[in-house]
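So the structure is just underneath, and the comments pick up after that.
The values are calculated or read from the model by the stated rules, or taken from the named source; none is laboratory data. Note that the coordinates shown come from a computational prediction; the quantities given were computed from them, not determined experimentally. Using ideal geometry, Cβ is built from the backbone for each residue, glycine included, and neighbour counts are taken over all protein chains shown.
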Amino acid sequence: MIHLSNITKRFGDRVLYQGASFMVRPEDKIGLVGPNGAGKTTIFELIAGLDTPDDGTISTDPGVLVGYFSQDVGEMSGRSALEETLAGAGRVSELGREIAQMEKRLEECATNPLGDDEMNRLMERFGEAQMEFQQRGGYDLEARAQEVLTGLGIDATKWHRPVESFSGGWKMRIALAQILLLNPDVLLMDEPTNHLDLESIMWVEKWLKDFKGSLVMTSHDREFMNRICKRTVEIANKSITTYSGNYDFYLREREVRRQQLEAAAKRQADMLAKEEEFIARFAARASHAAQVQSRVKKLEKIDRIELPPETRKIKFEFAPAPRSGNDVVKMENLCKEWPTPEGGIHPVFSGLTGVVQRLNKIAVTGVNGAGKSTLLKIVTGQTKPSLGTCSLGASLNVGYFSQYSCDLLNPEHTIFEEVSSRVPHASVGWVKNLLGAFLFSGDDSDKKIKMLSGGEKSRVMLACILSQPVNFLVLDEPTNHLDIDSREVLLNALNDFDGTIMIVSHDRYFLRAIANRVFEIDHGHLRVYEGRYDEYLQHVESAESTRG
């Protein structure tokens, strides 16, 4: 369907890839991976025709429709959410408008008749447009648009709201709805799970599994990638490499290939050393001149094996968490209501009762709007319950991270200054090691906070929290904006943390690796599941199949 052959792309003096090739086949599900800045987004732009390679060719089979979802949603205004979604349906939407115009013209024929030739042309075009519209699923287009919006968490009460009234995150969902409604032959998706909650992620996952076209996507959600993608294409070290499996397969196979390359490099180095030793030993002897010259020419023709740089990972030993009491949090009949703009009351939950015990690592789950973040705010004292009590145990030092925590960073500080200000008695080396563990090495620590991306700010804030002697971590979506490598760093830190954790996250891989209990907020009430997150998911799936 789409062939990228021997492509080279440069930005100034920097080469993204050179002489690289891969292809997108019918019904492919490809995960595009690689370090930040390697050129993944540029690949999308090349395939979508928004950019051109410096060398090589990109060919797309005739008639193939390519749809591209990017993080840049552009301007949205003047339509409702539903109208904006329908407008993204491309050719189908155009046909719908054309048919409506022709129907109007036919109605006008009663008072303003057309000539025979003009009427024949109109009727012929009307029939062609109706047939194409039907073939492209136009007659159920609005129903499909409503289904997609609902799946992405935009229910019927919001369909007719002006699109400009939505926040940036919700506009991203509308842009995603547009591309899914387009239903192209090849779907390019750059981080489709950003700004989505777990329920919406699972809905998109099912949609993509059922999708009959080809998919190329990037995602920071490892579980999402594993469940959907059957091939992995890595962009790194100026090359593009294809692996015939999902993300976990790619990690294993990449390590195997590296080990094989290291072995081949060692064999080559040993051979080169022997040849060079022979040349040095006999270079001055006329009797060996021919052999020496032959070996010199042989060495000149050999392509040296180059090992790609290894990803540098630093292991940081966190100080032991101070001992807390056995009962960390006690909740008794917690109730929370928020006032509405209209002067009414919106009930969030009621009657929540439970105990968080020392060394629990609790995943707080529930549908969007169930009150997960609100519960964490009550636990950390950010807001008060409407009814009931929430009491913290003895000797607690609480570390709290929310999506707004990064606003507490001083934009004029460097990364080093920001972290060291939280631990004024720590040595320079200790702070540098901590920053290295959170992927800030070398001169990175001298960057100012105001110059950082969202993911980099999140890493700084998490480093600040974990630099303190805390024994109770309360984390609300800590993986938002973090790439897979950064999530692994945080995951390792939390697995080593010997205190208590309450966490809200839409990253299932992350929760599987951490949680040993689950608090589910269901229809305003708290259900407690003893056991790991995997066991909780099995319980939920079993209950759903029984109901089905």
### Summary
Checked G454, G442, G436 against criteria (at pLDDT below 90 and within 29 Å of K377 (Cβ to Cβ)); the one match is G454
#### Entry: Scan of the range 283-293 for residues that are outside any loop (DSSP other than H, G, I, E, B) and either outside the structural domain of E262 (by TED's automatic domain parsing) or loosely packed, with under 12 Cβ neighbours inside 10 Å (or both), ordered by number
A286, S287, A290
## Note on the structure
Taking the range 439-467 and keeping only residues that are in contact (Cβ under 8 Å) with a residue 60 or more places away in the chain, surrounded by 20 or more Cβ atoms within 10 Å (Cβ to Cβ) and either closer than 21 Å to N36 by Cβ or aromatic (F, W, Y) (or both), one is left with M461, L462
### Summary
When the range 76-95 is checked residue by residue, the ones that are modelled with pLDDT of 90 or more, small (G, A, S) and buried (at least 21 other Cβ atoms within 10 Å of the Cβ) are A81
### Task
Any chance you could count how many residues in the range 205-230 are over 24 Å from L491 (Cα atoms) and surrounded by fewer than 21 Cβ atoms within 10 Å (Cβ to Cβ)?
9
### Query
Any idea which residue in the range 487-527 is nearest to A437 (Cα to Cα), counting only those that are of a type in the set (K, R) and not in a strand (DSSP E or B)?
R487
### Task
Check whether at least one residue in the range 239-246 is of a type in the set (V, I, T) and crowded, with 20+ Cβ neighbours inside 10 Å, and report yes or no.
yes
### Message
So A321 passes all but one of these: (1) closer than 18 Å to D485 by Cβ; (2) of a type outside the set (S, T, N, Q); (3) buried (at least 18 other Cβ atoms within 10 Å of the Cβ); (4) at pLDDT below 90. Which condition number does it fail?
### Response
(1)
### Task
Report the residue count in the range 435-454 for those that are part of a helix (DSSP H, G or I) and closer than 17 Å to H413 by Cα.
10
### Query
In the range 297-348, how many are in a strand (DSSP E or B) and without any contact (Cβ under 8 Å) to a residue 40 or more places away in the chain?
4
### Query
Would a scan of the range 103-114 turn up a residue that is within 30 Å of S486 (Cα to Cα), modelled with pLDDT under 90 and surrounded by fewer than 17 Cβ atoms within 10 Å (Cβ to Cβ)?
no
### Summary
A careful count of residues in the range 247-256 that are loosely packed, with under 13 Cβ neighbours inside 10 Å and either of a type in the set (K, R) or more than 19 Å from P35 (Cβ to Cβ) (or both) gives 2
